[in-house]
Amino acid sequence: MSTFRVAGRGRIDRSRPIRFTFDGRTVQGYEGDTVASALLANGTHLMGRSFKYHRPRGAVTAGSDEPNALVGTRRGPGRFEPNTRATMQEIYEGLRTESQNRWPSLGFDVGGVNDRFYMLFSAGFYYKTFMWPRSFWDKVYEPVIRAAAGLGKPPTEPDPDRYASRFLHCDVLVIGAGPAGLAAALTAGRSGAKVVLVDEQSEMGGSLLSEPSVEIEGQPAWDWIAATMAELASMDNVRLMNRTTAIGYYHQNMVGLCQKLTDHLPVPPEGAPRERMWKVRAGEVVLAQGALERPLVFDGNDRPGVMLAGAAQTYLNRFGVLVGRRAVVVTSHDSAWYAAFDLADAGCKVAAIVDTRAEVMSALREQARVRGIEVLPSHTVTGTAGRLRVKSVRVNPVVNGKVGAARSLDCEALLMSGGWTPSLHLFSHTKGSLHWDEEAEAFLPGRKTEACRIAGAGRGLWGIGKALEDGAKAGAAAARALGHEAEAKSLAVANDREGRGVTHKELPTDRDPGRARAFIDFQNDVTAKDIRLAVREGMRSIEHVKRYTTNGMATDQGKMSNMNGLAIAADAVGKAPPQVGLTTFRPPYTPTTFGAFAGYHRGSHFEVTRKTPIDSWAEEHGAVYEPVSLWRRARYFPRGNEDMRAAVARECRMTRASVGIFDASTLGKIEVAGPDAVEFMNRMYTNPWTKLAAGRCRYGLLLGEDGYIRDDGVIGRLSNDRFHVTTTTGGAARVLGMMEDYLQTEWPDLRVWVTSTTEQWATIALNGPNARNLLAPFVEGQDMSDEAFPHMSVAECTVAGFPARLFRMSFTGELGFEINVPARHGRALWEKLWEAGQEYDICPYGTETMHVLRAEKGYIIVGQDTDGTVTPDDAGFGWAVGRKKPDFVGKRSLTRPDIVAPGRKQLVGLLTDEPDVVLEEGAQIVADPDQPKPMTMLGHVTSSYWSETLGRSIALALVAGGHGREGETLHVPMPDRTITAKVTGTVFFDPENTRIKL
Amino acid sequence: MEGRMDAYARFRPESSTVPASGPVAIRILPEVARFSLRIAPADLGVASEAFGVALPGRIGEIAAFGSRRALCLGPDEWLLHAEEEEAHVIEAAFAERYAATPHSLVAIGDREIGISLEGEEAATLLSTGCPIDLERLAPGTGKRTIFDSVSVVLIREEKDRFTLEAWRSFMPHVLGLLETANRELAAGL
């Protein structure tokens, strides 16, 4: 294979050859090459197939805006990535790459037949073609479209890589290390400000890497870069980050950076993360992202070998690669002339420079003449030829708006430039406004919403000298804004390549423009005619045009296509571009891996898993767990081959027969202390607390201002001024927050303070007729007799020698105690009780048994039997409301007309006519199963279990007017049958509470 | 369920060091007596007298005397540390003053677990999960912040040594992340 390397050019290291594969073929490049530059060096332009038409495509850019040269990269099992930009992926020894969207091969692709029918696949094709019959959509059209759509293969194995993240704070964040960014960083760095400079490329320098002939301060550009980088690197206050993309600009100068750490290394260090997401909070941000070159829109502008002139210049100067030995340049901007000169000087035969403009600087014409390049001003391009690579280009003169006779020019490469678009993506993320600059024919940054400055080509300036000057000023201003003394030093620039240009809609043609394959969005295969069709079919806003044609909706977010699409849409609508509008850029700036976003949150650390001090015992004893908010809780403890139902039935039986032990440590606990504690409790909870004596407990009900139940729990009064409040497991943080909220905003006068003690205490519940027999011998400092320590008591004492807060209470209907000991002693106490409990055939039980036992007694679980619209009366808890109290949270709402209206959903018991049938929780309830659909639903089942105690199923349900329906038969329609059930009270077991009072 | 699930085992007093995973030494600190003190700022003098340390008035400030120290966490909130044997004496001293100077003193010694992070890269390690600007956390100060969504109290003991306290059940998560990030520091990228 012939090589297109040019001796003496480029920044690649020729002493370090590197081999990688492309579609199985070994390709040689050098250290410093990208996949694209190495392929081009070997004469390969064809790198992929397009998305819709499967047209052969090659690299059109040399940067992150590349829409065509997307490849799959593979580094071993699980390390396959689709849609990697060949123009950004650095090569390393052993890298494997493959082309996409082709079958059986890149050169011959069956899907290419789509291209023959391109007139059919116009904008809106899917919407129009697959509308009828409606029933076909789900089963036929969508699956087929989905199979055909998509670009690249998704990875199928778990990603074995690590991803990291870090927070970073700095004074000045400079994004982009081209001339403007380097000057900004240097100026700010010299001022002593803490500076971070980032660039997405493997090395810093930006456009200077492609402009070695420019001289700065008497030094060749590359020497100046080296000196500048050395100075920046020597400053302790400057952090340099290459291969780092600023992906998003968020509120208050928070910028997300994605840094690629190992994708360029043949052997990543052990344990190294692949990427790191930086969340940077910057005092000032300097956006020095430069500008992106626009393609010109003409028939056949997507053929391999047709590329941006600036890209060709980069491949030559940075990578030492000639993109073709014979080239034609077509441009509307002076910059492409310089590219032509560079290529010509490197040995490329530049057949012609085709300029759409009539007038071009005479200096440029003179330089072309010197190099023997034919100049064709006032010309257009009307077509290209060649199957897998451009072979010739068709050019025509344009005189007084009329396209003249065509002429064909042979070429291996066609270099185009439609001008430059300031890169405003990150600025757009800030919701800063853009204004249309008539002269530049571009949107430029307008009103700012963040502490940011835009420097260089990003705000429409052109030329290295101007960019350096603007960058230095922005860096100095940013540093000064933060209180540093900074001065923008001016830099002398020689051989600068200043220039200007114009922009176009699609180029004029002598052929039928309706048949032209003049691409705008190369990745999504959107052509100029698609945009015009969208406008003809009624799309007026650019947002509609975008969605109808998918222009700008590919992974490159229209970096190349947006402005051309807008120019054509504006022309078709007959309005100026700003009136048609620009679509919104959204983060991320370039495609970013899910891994980078997930960071450390994977596997065991996907989310916090809270465990109680007794959790380890449960694990050792075979507990099956369930998640309850962030906690994992033991759900049941199977013995032998027991399934959940058998285990739960046994746990229920053993607890009611003798004694069960339960880990209740996750219950929220809040210490309410201060002289106004009782007043605070009266105001927060529905219940009256004034008369509750120290040493006693009460069930407390907490409402929201709307009068609906928010939380509940047993609350003990430890002393006149101190309450031990318990909350639901999931409600702990919410209740504490609600209390603090009221204290800080409503009642700052109350002398009371709330402190979370959830994790101070491990809580063990003992329930069953033998609970006291087991516990009493361990207790010191409290008489355990029923008279001295009746149901709903609390005491501070010691249990097994541990300081304890002992509650006598029950959530099972059995004689019950809850022992709180400092968390570190939780497991030790549990083990002591477990050992002593063997005498009583003690049974550890989990949350499922707890649920069954409480349901048998009609005790509700907030959030399961309530849904945020249940009042105390609805739940049958009117007795817990201290109606004589002057006020409590939610009191006023309890008298609202809606709340007191009849027919509200109320909590009832349900007993199925067939006792073995357990209703499904969430099942809907109707009065008449034979009514026409849609049926009137009365409510739903909230809790439903097999009750081992009663030898039948039980259920709780919220039913409209439920309290008045006792004895009625209701119906629960299920997919296979309708179940009948009778409405009952909510207490199924021991309604006299005799067992609690043992 | 090997690995992370065992994190609790490491919290038993008998094993107080976490296996070295990188350049920062991570240690589980011995148990201490901790109290959350809530009191009106005007009554700070009384609290200082009870605790035997002049309580600092600015959020983030730390004052210490002997083994007792206090960190101001909020306008009316202080975190008190002392040796475990002193817990009762401290409780009694505050109780004595309660009637005249109401306040709330709640024992939270078992609510939290403290760890120590020591090494030149300790601040970098913390920056993997802590969003505050650690450069502005001066040695000898502390604050309530978060580490990867977990509420923590972070004290900078010295430039390269931090104490981090988090609620007991959150500590395995925090510690696991710190170990992962510590290995990352060891990898040098």
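The values are calculated or read from the model by the stated rules, or taken from the named source; none is laboratory data. Being a predicted model, the structure only gives us computed values, none of them experimental. Backbone-built Cβ (ideal geometry, glycine too); neighbour counts: all protein chains shown.
Cβ-Cβ distances below 9 Å connect the following pairs, each with a first residue in region A:679-690 that is free of Cβ contacts under 8 Å to residues at least 60 places away in the same chain, a second residue that is in a loop (DSSP other than H, G, I, E, B) and of a type in the set (Phe, Trp, Tyr), and a separation of six or more residues or different chains: A:Met681/A:Trp689. Which ones in region A:381-397 are among the basic types (Lys, Arg) and part of a strand (DSSP E or B)? Scanning region A:381-397 gives a single hit, A:Arg394. In region A:337-364, the residues that are hydroxyl-bearing (Ser, Thr, Tyr) form Cβ pairs under 9 Å with partners that are surrounded by 15 or more Cβ atoms within 10 Å (Cβ to Cβ) and assigned to a strand (DSSP E or B), at six or more places apart or across chains, as follows: A:Thr356/A:Val330; A:Thr356/A:Thr331; A:Thr356/A:His379; A:Thr356/A:Thr380; A:Thr356/A:Val381; A:Thr356/A:Val398.
Every residue, every condition in (1) within 14 Å of chain B (Cβ to nearest Cβ); (2) among the basic types (Lys, Arg); (3) in a strand (DSSP E or B), yes or no:
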{"position": "A:Gly256", "(1), (2), (3)": "yes, no, yes"}
{"position": "A:Thr262", "(1), (2), (3)": "yes, no, no"}
{"position": "A:Pro268", "(1), (2), (3)": "yes, no, no"}
{"position": "A:Gly271", "(1), (2), (3)": "yes, no, no"}
{"position": "A:Val280", "(1), (2), (3)": "yes, no, yes"}
{"position": "A:Val297", "(1), (2), (3)": "no, no, no"}
{"position": "A:Asp302", "(1), (2), (3)": "no, no, no"}
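Identify, from the list B:Gly140, B:Gly119, the residue that is under 20 Å from B:Ala186 (Cβ atoms) and more than 12 Å from the chain's Cα centre (by Cα). B:Gly119 is the lone residue from the list that is under 20 Å from B:Ala186 (Cβ atoms) and more than 12 Å from the chain's Cα centre (by Cα).
Just one of the listed residues (A:Val370, A:Val330) is over 26 Å from A:Ser50 (Cα atoms), modelled with pLDDT of 95 or more and not acidic (Asp, Glu), and it is A:Val370. Number of residues in region A:464-480 that are touching a strand residue (DSSP E or B) at 6+ places or on another chain (Cβ under 8 Å) and more than 24 Å from A:Gly192 (Cα to Cα): the value is 2.
Looking only at region B:25-59, residues that are surrounded by fewer than 18 Cβ atoms within 10 Å (Cβ to Cβ), away from chain A (no Cβ under 12 Å) and touching a residue at least 60 places away in the same chain (Cβ under 8 Å) come to 4 in all.
Has region A:694-711 got any residue that is at pLDDT 95 or above and within 12 Å of chain B (Cβ to nearest Cβ)? Among the residues of region A:694-711, not one is at pLDDT 95 or above and within 12 Å of chain B (Cβ to nearest Cβ), which makes the answer no.
For region A:811-838, give me the residue count where each residue is in a helix (DSSP H, G or I) and in contact (Cβ under 8 Å) with a residue 12 or more places away in the chain. Lay out the reasoning, then the answer.
Residues of region A:811-838 in a helix (DSSP H, G or I): A:823-838.
Imposing the further condition that a residue be in contact (Cβ under 8 Å) with a residue 12 or more places away in the chain reduces the set to A:823-834, A:836-837.
Counting residues in region A:811-838 that are in a helix (DSSP H, G or I) and in contact (Cβ under 8 Å) with a residue 12 or more places away in the chain gives 14.
Just the residues that are more than 28 Å from the chain's Cα centre (by Cα) and either of a type in the set (Ser, Thr, Tyr) or more than 30 Å from A:His45 (Cβ to Cβ) (or both), please, taken from region A:422-446. Spell out the reasoning first.
Within region A:422-446, the first condition is being more than 28 Å from the chain's Cα centre (by Cα), and the residues that meet it are A:435-444, A:446.
Selection gives A:His435, A:Trp436, A:Asp437, A:Glu438, A:Glu439, A:Ala440, A:Glu441, A:Phe443, A:Leu444, A:Gly446.
Candidates B:Phe94, B:Phe147: the one that is at negative phi, more than 10 Å from every other protein chain (Cβ to nearest Cβ), of a type in the set (Phe, Trp, Tyr) and under 16 Å from the mean Cα position of the chain (by Cα) is B:Phe147. Among residues of region B:113-128 being in contact with a strand residue (DSSP E or B) (Cβ under 6 Å, 6 or more places away or on another chain), closer than 14 Å to B:Ala166 by Cα and not polar (S, T, N, Q), the one that is nearest to the other protein chains (Cβ to nearest Cβ) is B:Gly114. Which one is nearest to the chain's Cα centre (by Cα), of the residues in region A:601-626 that are basic (Lys, Arg) and facing chain B (nearest Cβ under 7 Å)? The qualifying residue nearest to the chain's Cα centre (by Cα) is A:Arg610.
Just for region A:638-648: of the residues that are surrounded by fewer than 21 Cβ atoms within 10 Å (Cβ to Cβ) and touching a residue at least 40 places away in the same chain (Cβ under 8 Å), which one is nearest to the other protein chains (Cβ to nearest Cβ)?
First, the residues of region A:638-648 that are surrounded by fewer than 21 Cβ atoms within 10 Å (Cβ to Cβ): A:638-646.
With touching a residue at least 40 places away in the same chain (Cβ under 8 Å) added as a condition, the list becomes A:644-645.
Numbers: A:Met644: 19, A:Arg645: 24 Å.
Among those residues, the one meeting the criterion is A:Met644.
Could you pull out the residue among A:Gly713, A:Gly768 that is on the phi > 0 side of the Ramachandran plot, touching a helix residue (DSSP H, G or I) at 6+ places or on another chain (Cβ under 7 Å) and buried (at least 20 other Cβ atoms within 10 Å of the Cβ)?
Working: A:Gly713 fails: touching a helix residue (DSSP H, G or I) at 6+ places or on another chain (Cβ under 7 Å).
When all the criteria are applied, what remains is A:Gly768.
For region B:161-179, the set of residues classified as among the hydroxyl-bearing types (Ser, Thr, Tyr), at the interface with chain A (Cβ under 7 Å from one of its Cβ atoms) and in contact (Cβ under 8 Å) with a residue 12 or more places away in the chain is empty.
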